[in-house]
1. For the range 62-103, take N as its residue count and report Rg(C-alpha) divided by 2.2 N^0.38 Å.
2. What number comes out for the charge environment of Asp147, summing +1 per Lys or Arg and -1 per Asp or Glu over other residues with Cβ under 14 Å away?
3. If one takes the longest principal axis of the Cα atoms in the chain, at what angle in degrees, from 0 to 90 and to the nearest 10, does the Cα axis of helix 45-61 lie?
4. With contacts defined as alpha carbon pairs under 8 Å and 6 or more residues apart, what's the relative contact order of the chain in percent?
5. With only Lys, Arg, Asp and Glu charged, each at its Cβ (+1 for the first two, -1 for the last two), find how big the charge dipole of the range 44-186 is about the Cα centre; round to the nearest 20 debye.
Amino acid sequence: MTVAAHEPWTQEGTLLKGFLAFDTPDGYRAELIDGEIVVTPPPGGGHDKNIGRIVRQVHQNSDTRFDFWGSKGLVAPGDGRSPENHVTPDGTFAREEADLYNDDSSWSPADGVDMVLEVTARNPERDRVNKRHCYARAGIPLYLLVDREKKTVTLFSEPKDDDYFADVRVPFGRPIGLPEPFAFELDTSELF
C-alpha cells in the first residue's frame, strides 16, 4: 500500500516530518523510499523461514561473529527526489565488534553494516530495484536478495554511487559464495 506517491520535497521537510510521525499499525512496516512513503503488511511465514535459514547458516559457517537485526531501520542517502531514505531491510548483519545500534532509536545510519538481506514478498520489484539503489548509495558492501518469484539468490557487491557494479545470481539449490568477512558458501537448497 502506498500512502503518498512522490510528494515534492520541501525545504521544511514536510514529507520527512509526516513520515517520521506516521503511526504504523502493529506488524506493518513503513519506509520512505525515493520520495514515496510505502506501508507493507506483515509477510507470510515462508518469508521469515527463509530469513531464519540464512541467519542460521551465517552463524554456523562463518568464522566471524555477526550481530543480526531483523527489520532494523536504516537511513540512506536519497536519489534527488528526497535528501534521505528510511529503509528497513529484512535483515542487517554487522560484525559483532562494530557494536552497532546500542540505543533504542528506530532509525540508524548504515555505517558499519556488512550485509543487508531482502526476501521478496508482495512487491518484489521494490527489493530488486529501489532498495538495491538505496543500499548502494549507503555504501553497504553486500546486498543479498532472495527472489522467491524467480527462485534465485543474488549477491550484489561493489557499491558505487547509485548501484552495485558486481552481482552473482544462482538458482535455488546452488551454493553462492559470500566473501569476507563471511567467507563461506551459502547453501540455497533449503530456500523456497
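1. Here the Cα radius of gyration is 1.40 times the empirical estimate.
2. +4
3. Taking the Cα atoms of the chain, the angle to 45-61 is about 50 degrees.
4. 16
5. For the range 44-186, the charge dipole is close to 780 debye.
Computed from the coordinates by the stated procedures, all read-outs in this text should not be read as laboratory data. Here the structure is a predicted model, which means the values were calculated and not measured. Positions of Cβ are generated from backbone atoms using ideal geometry, with glycine treated the same way; all protein chains shown enter the neighbour counts.
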